[in-house]
Amino acid sequence: MSAEQYLRTPLLTGDDIDSKRLEIAAYFNATFERYESLFNTLAEDQAYYQQSISLRHPLIFYYGHTATFFVNKLLLAGLIEQRIDPRFESMFAIGVDEMSWDDLDDAHYDWPTVAEVHDYRQQLKTIVHHIIATAPLELPISWNSPWWIIMMGIEHEQIHIETSSVLIRQQDLELVQISDAWRPWTKTAEAPTNELVDISSGTVDLGKANDDLTYGWDNEYGVHQAEINAFQASKFLVSNQEFLTFVEAGGYDDDKHWLKEGLQWRTFAKVSHPTFWHQFAEGWQLRLMTEIIDMPWDWPAEVNYHEAKAFCNWKASQTGLSVRLPTEDEWLRMYDFAGVEELTAAQQAPANIHCDYAASPCPVNQFAHGDLYDVIGNVWQWTETPIYPLNGFEVHPLYDDFTMPTFDGRHNLFKGGSWISSGNESRKAARYAFRKHFFQHAGFRYVVADKLEEQAVSNYENDKMLSEYAEFHYGDSYYDVANFPETLANIAIKALGDKPAHKALDIGCAVGRASFELAKHFDHVTGIDFSARLINLGVQLASQGVIRYSIADEGELMLHRERHLEELGLADVASKVEFLQGDACNLMPHFTGYDVVIAANLIDRLYEPSLFLSSIHQRINAGGVLLIASPYTWLEEHTKKENWVGGIKKDGENVTTLDGLKMLLEEHFELMEAPQQVPFVIRETSRKFQHTLSDVTLWVKK
């Protein structure tokens, strides 16, 4: 095999601009031509238009998609000024995200001919060559450099080399053809007996620095460190032979081995063995990308997460051991324990990876990595870890939906790469995640390890109301208006003076910023809101220290935000805050003994505010402070007009809300000072804001 086939993702730095141009051009060409070569395994044009599986576009889409991706990103980066073909760049832009195994897409597309798409790709190739040769280049190439987009386009096509090969593997066999460039491994023998290897405890570090010298996707950047207890790992990936014992034991028929979602998938798909296994009268055979071969029992079993998890549960029941899939952190520990190193361009890989050997898996005992085999390469390895953002995660402004939609607890990471994983995919830092029913060139190894704690879902909140509240409480300030919840908390604390500060109540706390601010001064703070949805963000901050949300930019475009309590100086007080759901007009009796109560923008949203105002004195200690803030925007959709406290005519005279407050509170409270106007700004989009004044009154309990 020639050295050209060992091309790895280039370093983003160097001393010679011209040499770097040539290196990136060579990497682009190698990737582009490999993609062309992959589609040459399709035997006729029909193969491009017949869907391999009903959940994905036909292959003609993927043939054009990587070029359209390049065009769209080059436009955004300002590296080109006009499109190649606007129709193609609409048609090939958005793929079908296989989010659900029973969500079929029956949309009809007027696809162009294969020749037209081939010509389109060649035009893109010419444009990229011109850009690489002429665009200003400064080294190192950084996240914000236009050249980052060139690398993004190349690495994106590397991903689609792999995902398209899976679709080709699922295409009807008569529509594909054997190609010399995509010959499978031929070696096979009796499968080795798997055994457990002791993996010592250790510390793992995950996350690329911003100045890392290789290209990375957004989810790779940030910081994560974990201490890993000693555990045991299977020496080999689970082979077809080892998985056969599960099949023959009736593992696909026994519900107790399957998780709820896995059982639903198994029932829907009506499966009784791995998807790429085929049973004939003469025995089991295995479907590869372009052919079917007699079952190589010593190759790794290729399954989805549900099947891998069911096998582990079955094996646990057979052995009495705590058998499960590894976590991402445990895979990293195996990587370090085995002494695996990054691939270099100088030599053939010491693993079945990067297309360095053949177009298929190989025996599970072919490539040793220390005491283990196939820590990297051969097939991807499913983990128990749903993908999550590392501390410091940011989305790239020109590709903001690469990872963010997968932070939903439903996309599990797999690690190590497969025989075809190239470029960024082959590196230790790579973090790729798919839905659990997804088929890739993926298998698994098992571990015997501690029981896993329930993992929190780290998703971005995109509900409009919740996102606006999150930005209002924890986001940026606009038009030099100070953070409203923080301001109110400080006003209340100042009003209390040097009196005891044991307990505070934030009633109508929404997503909780004032509660955390009060906790800097009080021993304990209770935040109560009628909306469990709002409280959930406060709970998430208190327990995890971070929230993530999406806010409107313009139209359907979104901006993504991540806020940490630590950055706001509130992490140390989170343990003093509790969030509860409750009705301000009908609080439970035990909510009492507070030194301060804040009711922020609450009274004009209550169904019967007089109930709250006439009873709140029962919650406050003598000498305690009640802060009421409201813009007095009375609306019948929230409060029946007969229940308005003010803003009404009574007996022909104007009754303001302040008048109503005095009437309802004066028996138990004294107004401490004249009302003050505190502004706040609600951000709706990047160009639309609501600027409001809230009337703040302070009352001391008699």
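The values are calculated or read from the model by the stated rules, or taken from the named source; none is laboratory data. Everything quoted here is computed from the prediction, not taken from an experiment. As a convention, Cβ positions derive from the backbone with ideal geometry for all residues, glycine included, and neighbour counts pool all protein chains shown.
Looking at the stretch 41-86, which of its residues are without any contact (Cβ under 8 Å) to a residue 12 or more places away in the chain and surrounded by fewer than 16 Cβ atoms within 10 Å (Cβ to Cβ)?
Within the stretch 41-86, Glu81, Gln82, Pro86 meet the criteria.
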*So which strands (runs of 3 or more DSSP E) stay within the stretch 264-318 end to end and still have 2 or more residues that are free of Cβ contacts under 8 Å to residues at least 60 places away in the same chain and not β-branched (Val, Ile, Thr)?*
277-280, 283-287
*Is there a residue in the stretch 619-628 that is at pLDDT below 95 and surrounded by fewer than 16 Cβ atoms within 10 Å (Cβ to Cβ)?*
no
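If you take the residues in the stretch 534-579 that are charged (D, E, K, R) and surrounded by 16 or more Cβ atoms within 10 Å (Cβ to Cβ), which one is farthest from Tyr469 (Cα to Cα)?
The extreme case among them is Lys576.
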*Mind checking which residues of the stretch 596-627 are within 29 Å of Gln544 (Cβ to Cβ) and not aliphatic (A, V, I, L, M)?*
Asn601, Arg605
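Based on what the data block shows, is Pro500 touching a residue at least 40 places away in the same chain (Cβ under 8 Å) and in contact with a helix residue (DSSP H, G or I) (Cβ under 6 Å, 6 or more places away or on another chain)?
Values: touching a residue at least 40 places away in the same chain (Cβ under 8 Å): yes; in contact with a helix residue (DSSP H, G or I) (Cβ under 6 Å, 6 or more places away or on another chain): no.
No; evaluated as a whole, the condition is false for this residue.
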_With the structure loaded, tell me whether His354 is closer than 15 Å to His441 by Cα and of a type outside the set (Gly, Ala, Ser) or whether it fails that test._
yes
_Please determine whether any residue of the stretch 228-241 is over 17 Å from Tyr335 (Cα atoms), among the hydroxyl-bearing types (Ser, Thr, Tyr) and surrounded by 14 or more Cβ atoms within 10 Å (Cβ to Cβ)._
yes
*Name the single residue, out of those in the stretch 383-401 being assigned to a loop (DSSP other than H, G, I, E, B) and within 9 Å of the chain's Cα centre (by Cα), that is surrounded by the most Cβ atoms within 10 Å (Cβ to Cβ).*
Pro389
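Please indicate, with yes or no, whether at least one residue in the stretch 45-65 is in a helix (DSSP H, G or I), out of contact with any helix residue (DSSP H, G or I) (no Cβ under 9 Å at 6 or more places or on another chain), closer than 13 Å to Arg121 by Cα and not hydrophobic (A, V, I, L, M, F, W, C).
Among the residues of the stretch 45-65, not one is in a helix (DSSP H, G or I), out of contact with any helix residue (DSSP H, G or I) (no Cβ under 9 Å at 6 or more places or on another chain), closer than 13 Å to Arg121 by Cα and not hydrophobic (A, V, I, L, M, F, W, C), which makes the answer no.
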*Kindly list, by first and then second residue, each pair from a residue in the stretch 144-158 that is in contact (Cβ under 8 Å) with a residue 12 or more places away in the chain to a residue that is in a helix (DSSP H, G or I) and hydroxyl-bearing (Ser, Thr, Tyr), limited to pairs with Cβ atoms under 8 Å and residues at least 6 apart or on different chains.*
Gly153/Thr66; Ile154/Tyr27; Ile154/Thr31; His156/Thr66; Glu157/Thr31; Glu157/Tyr35; Glu157/Thr66; Gln158/Thr31
*For the stretch 599-611, name all the residues that are surrounded by 23 or more Cβ atoms within 10 Å (Cβ to Cβ) and within 18 Å of Glu670 (Cα to Cα).*
Ala599
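Among the candidates Phe276, Phe280, which residue alone is of a type outside the set (Asp, Glu) and in contact with an Asp or Glu (Cβ under 6 Å, 6 or more places away or on another chain)?
Of the residues listed, the single one that is of a type outside the set (Asp, Glu) and in contact with an Asp or Glu (Cβ under 6 Å, 6 or more places away or on another chain) is Phe276.
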_Filter result (surrounded by fewer than 21 Cβ atoms within 10 Å (Cβ to Cβ) and outside any helix (DSSP H, G or I)) within the stretch 319-339_ = Gly320, Leu321, Ser322, Gly339
*Residue that is in a helix (DSSP H, G or I) and either under 25 Å from Thr685 (Cβ atoms) or more than 28 Å from the chain's Cα centre (by Cα) (or both), where the choices are Ala495, Ala510*: Ala495
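In the stretch 543-560, how many residues are in contact with a helix residue (DSSP H, G or I) (Cβ under 7 Å, 6 or more places away or on another chain) and either aliphatic (A, V, I, L, M) or in a strand (DSSP E or B) (or both)?
From the stretch 543-560, those in contact with a helix residue (DSSP H, G or I) (Cβ under 7 Å, 6 or more places away or on another chain) are 545, 547, 549-551, 560; that's our starting set.
So of that shortlist, the ones also either aliphatic (A, V, I, L, M) or in a strand (DSSP E or B) (or both) come out as 547, 549-551, 560.
The number of residues fulfilling the criteria is 5.
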*List pairs: first in the stretch 566-585 and more than 19 Å from Asn536 (Cβ to Cβ), second in a helix (DSSP H, G or I), Cβ under 8 Å, 6+ apart or cross-chain?*
Val573/Phe516; Cys585/Pro609; Cys585/Leu611; Cys585/Phe612
*Where residues in the stretch 629-661 are within 17 Å of Ile598 (Cα to Cα) and either in contact with a Pro (Cβ under 7 Å, 6 or more places away or on another chain) or of a type outside the set (S, T, N, Q) (or both), which of them is surrounded by the most Cβ atoms within 10 Å (Cβ to Cβ)?*
Ala629
*Sort out which residues of the stretch 607-631 are assigned to a loop (DSSP other than H, G, I, E, B) and either closer than 18 Å to Thr526 by Cβ or among the charged types (D, E, K, R) (or both), and write them in order of number.*
Glu608
*Is it the case that some residue within the stretch 428-439 is modelled with pLDDT under 85, out of contact with any strand residue (DSSP E or B) (no Cβ under 8 Å at 6 or more places or on another chain) and within 26 Å of His306 (Cα to Cα)?*
no
*Looking at the stretch 632-653, is at least one residue of a type outside the set (Lys, Arg), part of a helix (DSSP H, G or I) and over 21 Å from Gly582 (Cα atoms)?*
yes
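Looking only at the stretch 402-431, which residues are part of a strand (DSSP E or B) and under 21 Å from Tyr373 (Cα atoms)?
Those that are part of a strand (DSSP E or B) and under 21 Å from Tyr373 (Cα atoms): Leu413, Phe414, Lys415.
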_Gly377 being small (Gly, Ala, Ser), in contact with a strand residue (DSSP E or B) (Cβ under 8 Å, 6 or more places away or on another chain) and either at positive phi or surrounded by fewer than 24 Cβ atoms within 10 Å (Cβ to Cβ) (or both)_ = no
*Of (1) charged (D, E, K, R); (2) surrounded by fewer than 18 Cβ atoms within 10 Å (Cβ to Cβ); (3) under 24 Å from the mean Cα position of the chain (by Cα), Glu342 satisfies all except one. Which?*
(3)
